[in-house]
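Each reported figure results from applying straightforward, stated rules to the coordinates on display, with no laboratory input. These numbers were taken from a predicted model, which means no experiment stands behind them. Here the Cβ positions follow ideal geometry from the backbone for every residue, glycine too, while neighbour counts run over all protein chains shown.
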Amino acid sequence: MYHNFGETAGANALYVKAYSLRDHASEREKFDIESNYETDVTGNLEDATRVFREWLSSYPRDDVALANLALV
């Protein structure tokens, strides 16, 4: 929600928290958390691309991963 309103500091704080707790998430949620962390917090688009490709390998019909990979 913060991200949608352009409040990047609030969004990034929640991405960092989610990233630290990702071991408690499902596999698909882990991909989502890690990709958001790499894209928005670290800005490392190469790692984000890697995550999106791994995500699509595990979930080939996932439109979220495909759309976000296209944006990167």
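Filter region 55-72 down to residues that are among the charged types (D, E, K, R) and in contact with a Phe, Trp or Tyr (Cβ under 7 Å, 6 or more places away or on another chain), then give me how many there are.
Qualifying residue count for the region: 1.
Residues that are under 16 Å from residue 57 (Cβ atoms) and either free of Cβ contacts under 8 Å to residues at least 12 places away in the same chain or in contact with a His (Cβ under 9 Å, 6 or more places away or on another chain) (or both) within region 27-45 comprise just one, 30.
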